[in-house]
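See structure below.
The values are calculated or read from the model by the stated rules, or taken from the named source; none is laboratory data. Remember, it's a predicted structure, so these values are computed and weren't measured experimentally. So basically every Cβ, Gly included, is an ideal-geometry build from the backbone, and we count neighbours across all protein chains shown. Surface accessibility is based on the protein's heavy atoms, side chains included, excluding ligands, DNA and RNA. Shrake-Rupley method; radii C 1.70, N 1.55, O 1.52, S 1.80 Å.
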Amino acid sequence: MLKLQYISKYYNPGTVNEMCLFDNFSLTVQNQEFVSVVGSNGSGKTSMLNIICGSIPIDEGKITINDVDITNMPEFKRQKRIGRVYQNPAMGTCPTMTILENMALADNKGKPFNLRRGTNKSKIDFYRESLRMLNLGLEDKMEVSVGSLSGGQRQAMALVMSTMTPIEFLILDEHTAALDPKTAELIMELTDRVVREKKLTTIMVTHNLRYAVEYGNRLMMMHQGNIIIDKAGTIKSNVQIDDIIEKFNEISIECGN
């Protein structure tokens, strides 16, 4: 279970440019929930993910995962508990390394570094099986440089790599936004399968309203650092895209746009 308790976050405090992004913001995500998050630019979606992952610090509040306080835990230590797939496919893989080397790197996440070979040859068959589920033929290209792959292939690899080691939480940061529609559909189907099979607790930020409605068992909409829609279970399954668009239009009118 993830808990954000009474989170406050200010940018440029004490200056004329001071901005309060979160003020006593709280969120609880139950184990095995798949939460889709939508909202306009500047609503706090990505900042919330960065706070969870430790990319940006908070000014007040507390963050726990399964009752373990991670509020002051450095980002690199949180990575042992949290897997993250970014919007940019290049951020989840190392382009100058081979597929095999990337898989080995992901397999060693959170493990101590010492003088040993970076690639354990006994694990190659395991890496091939992990890639075979993608149905992209990557299991037969283990010595190919990742930089030569398409964006969709790299994003599929990033998803597999982020969930290769046991994690407690999966963060999807607009992970289909940079892909063409056909590839985005493939990645979403793969995402859903991975989340279900590994029973992962997941937060997915997306601008694709159809994905937000069709995938996951909870839907949230954020605006100005607050949650203005939060529907789960059977209530969420009855949400339509038009319902979200109507709320977006309502906000737009209130903001004078």
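Of all the criteria given as (1) in contact (Cβ under 8 Å) with a residue 60 or more places away in the chain; (2) over 17 Å from Ile171 (Cα atoms), the one not satisfied by Pro13 is (1).
Counting only strands (runs of 3 or more DSSP E) that fall entirely inside the range 1-90 and contain at least 2 residues that are under 25 Å from Phe248 (Cβ atoms), the qualifying elements are 2-11, 19-29, 34-39. Met188 meets each of the listed conditions (1) open to solvent by less than 60 Å² (accessible area, probe 1.4 Å); (2) in contact (Cβ under 8 Å) with a residue 24 or more places away in the chain; (3) out of contact with any Gly (no Cβ under 6 Å at 6 or more places or on another chain); (4) within 22 Å of Met97 (Cβ to Cβ) apart from (4).
Taking the conditions exactly as written (over 19 Å from Asn108 (Cα atoms), among the acidic types (Asp, Glu) and open to solvent by 30 Å² or more (accessible area, probe 1.4 Å)), does Glu214 satisfy them or not? Here the answer is yes, as Glu214 does meet what is asked. Scanning the range 66-122 for residues that are of a type in the set (Val, Ile, Thr), modelled with pLDDT of 90 or more and farther than 15 Å from Thr165 by Cα yields Val68, Ile70, Thr71, Thr93, Thr96, Thr98, Ile99. The residue list Ala178, Ala106, Ala90, Ala158 contains one member that is touching a residue at least 12 places away in the same chain (Cβ under 8 Å), open to solvent by 60 Å² or more (accessible area, probe 1.4 Å) and touching a helix residue (DSSP H, G or I) at 6+ places or on another chain (Cβ under 8 Å), which is Ala178.
Taking into account only those residues within the range 33-44 that are modelled with pLDDT of 95 or more and out of contact with any helix residue (DSSP H, G or I) (no Cβ under 8 Å at 6 or more places or on another chain), which is most open to solvent (accessible area, probe 1.4 Å)? Among those that are modelled with pLDDT of 95 or more and out of contact with any helix residue (DSSP H, G or I) (no Cβ under 8 Å at 6 or more places or on another chain), it is Glu33. Which residues, counting only those in the range 194-213, are of a type in the set (D, E, K, R) and in contact (Cβ under 8 Å) with a residue 12 or more places away in the chain? Listed by number, the residues that qualify are Lys198, Lys199, Arg210.
Evaluate the range 71-82: report whether one residue or more is over 13 Å from the mean Cα position of the chain (by Cα) and of a type in the set (Val, Ile, Thr). Scanning the range 71-82, I find at least one residue that is over 13 Å from the mean Cα position of the chain (by Cα) and of a type in the set (Val, Ile, Thr), so the answer is yes.
Under the condition of being open to solvent by 10 Å² or more (accessible area, probe 1.4 Å) and of a type in the set (A, V, I, L, M), the residues counted in the range 161-175 number 3.
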